[in-house]
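Asker: First the structure, which I've put down as structure tokens, then a few questions once you've had a look.
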Amino acid sequence: MLTRLQNNILLPKVLLGCYANGFSNLISGSQILRGFNETAGFSALSGDNLRSRPKSSLRNYQVVVAATREMGIGKDGKLPWRLPSDLKFFKELTVTTSDPEKKNVVVMGRKTRESIPLENRPLPGRLNVVLTRSQSSDITTGENVVICGNIPSTLELLAEVPYCFSTEKVFVIGGGQIFRL
């Protein structure tokens, strides 16, 4: 998400809002009031603070997560709920670019990739980066799929040619092990 400050300066931010019904949703830009609950608590997440490397060699990223109040994000490889409006919002957020020549990136762990139904893999209209430590992964790479070993190497790769020119935003979409990193 981009937060617009005075003088139209844009800063990347992700807001996680907890709803009264126990669900959370990413609140973004013009939709910041969409589903807003006045009792919701918000926290900002940012990928700008990796201290081990200079910022100039890494891409910035945003975290997209829907969670229960207890921060539950899944159970048995599935989302704990089915909310079509949240899935639609997730797709719009992660597909929409300001430059039609570019794509956004979704970064996910191997288990999150496996939880996506086969007919939806890779997530269409986005560059899918799958994080795995396995050297013998059965993940098929292709035009829209890249395999990386960890988040820092992913952010370095995305900062290089051709990805620095062909992609716009980077979204880390899960799962739990990736969020803990």
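Asker: Please go through segment 96-113 and give me each residue that is of a type in the set (Val, Ile, Thr) and more than 14 Å from Gln62 (Cβ to Cβ), ordered by number.
Answerer: Thr112
Asker: Say we look at segment 73-101 and pick out the residues that are farther than 16 Å from Ile173 by Cβ and small (Gly, Ala, Ser); which of these is modelled with the highest pLDDT?
Answerer: Ranking the qualifying residues of segment 73-101, first place goes to Ser98.
Asker: Further question: Please go through segment 114-143 and pick out each residue that is among the polar types (S, T, N, Q) and touching a residue at least 40 places away in the same chain (Cβ under 8 Å).
Answerer: Of everything in segment 114-143, just one residue is among the polar types (S, T, N, Q) and touching a residue at least 40 places away in the same chain (Cβ under 8 Å), namely Ser115.
Asker: Helices (runs of 4 or more DSSP H) wholly in segment 119-181 with at least 1 residues that are at pLDDT 95 or above - which ones?
Answerer: 151-158, 163-166
The values are calculated or read from the model by the stated rules, or taken from the named source; none is laboratory data. These figures come from a predicted structure and were not determined experimentally. Here Cβ is always computed from backbone atoms with ideal geometry, including for glycine, and neighbour counts include all displayed protein chains.
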